[in-house]
Amino acid sequence: MTSDERSRSAQAILAIPLYGELMDELEAAAVNAAVYANPTDHEARQAHLASVKAIRDLRSRVEVLAKEDQSTKRRQAPA
């Protein structure tokens, strides 16, 4: 897959309203699970917070890929 294809695919993913809704729901559920975990269950809280980080990392990576092609085109000098 070329860089341009990856960028266009990431843009298509971001254009799907369900993607944003699912990411929001998953993140909110993981945050709530961490907040409401048993105060003495550090492992459960840690696991839920790791899920939040993974969701945010995925979302961020898709956003970076979506912008990748645009930023590299601007940096290239005209021939």
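The values are calculated or read from the model by the stated rules, or taken from the named source; none is laboratory data. Model, not experiment: these values are computed from the prediction. Ideal geometry is used to build each Cβ from the backbone, glycine not excepted, and the neighbour counts take in all protein chains shown.
Given (1) modelled with pLDDT under 95; (2) surrounded by 13 or more Cβ atoms within 10 Å (Cβ to Cβ); (3) outside any helix (DSSP H, G or I), identify the lone condition not met by residue 1.
(2)
Can you confirm whether segment 6-20 contains a residue that is farther than 28 Å from residue 68 by Cα and surrounded by fewer than 16 Cβ atoms within 10 Å (Cβ to Cβ)? Steps first, please.
Within segment 6-20, the first condition is being farther than 28 Å from residue 68 by Cα, and the residues that meet it are none.
Within segment 6-20 (the criterion being farther than 28 Å from residue 68 by Cα and surrounded by fewer than 16 Cβ atoms within 10 Å (Cβ to Cβ)), the answer is no, since none of the residues qualifies.
For segment 21-45, give me each residue that is charged (D, E, K, R) and surrounded by 14 or more Cβ atoms within 10 Å (Cβ to Cβ). Don't jump to the end; show me each part of the working.
Looking only at segment 21-45, we keep the residues that are charged (D, E, K, R), and these are 21, 24-25, 27, 41, 43, 45.
Those that are charged (D, E, K, R) and surrounded by 14 or more Cβ atoms within 10 Å (Cβ to Cβ): 27, 45.
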